[in-house]
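Colleague: Mind looking over this structure? Questions follow.
The values are calculated or read from the model by the stated rules, or taken from the named source; none is laboratory data. Because the structure is predicted, anything quoted here is derived from the model rather than measured. Here the Cβ positions follow ideal geometry from the backbone for every residue, glycine too, while neighbour counts run over all protein chains shown. The area values use the complete protein model at the heavy-atom level, side chains included, leaving out ligands, DNA and RNA. Shrake-Rupley method; radii C 1.70, N 1.55, O 1.52, S 1.80 Å.
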Amino acid sequence: VDIVSLEKRSEVMRSVRSKDTRPELIVRKVAHSLGFRFRVNVRDLPGCPDLAIKSRKKAIFVHGCFWHRHQNCRRATTPQSNHEYWSKKFAGNIERDDRTMAAYRAMGWEPFVIWECELGNRKVLADRIARYLSKADGR
Ligand SMILES: [Zn+2]
């Protein structure tokens, strides 16, 4: 085994691991491990949910706390410079999220938002996902 291939391999391993820590992938993995079958990045549903089960009227959104302005979350910081740019940007994101959630309620669905800062405890996360996905249709 030569050094180059070892280095190459650890590079690949690192990239796999870092991809794996992306919030939406964590949520998919947990839902999958619970035995649910679902679609990902469902473009024909409002807001393109990260995970959806149409037959059960379930849509899960994994939201980054910064971009989606998680209330009272320490990750939802506001950059010091370009204040006007950021407040417009954030207001637009919040408005879009509100519209998306309203669209689901109009369809009789109750979408589920998981915040990035809530991914830490996998047991709690798994319980919440299991509870949401097991509930009867549209409730
Ligand atoms: Zn948060």
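Colleague: Please calculate how many Å² of accessible area region 52-128 carries per residue, with a 1.4 Å probe and no DNA, RNA or ligand atoms counted.
Modeller: I get 62 Å² per residue for this part.
Colleague: Could you work out what % of the accessible surface of region 25-135 is carbon and sulfur, using a 1.4 angstrom probe and leaving DNA, RNA and ligands out of the count?
Modeller: C and S atoms contribute 50 percent here.
Colleague: Going toward the positive end of the dipole of region 22-100, with +1 on Lys and Arg Cβ and -1 on Asp and Glu Cβ, which of 67, 81, 32 do you reach last?
Modeller: The residue sitting most towards the positive pole is 32.
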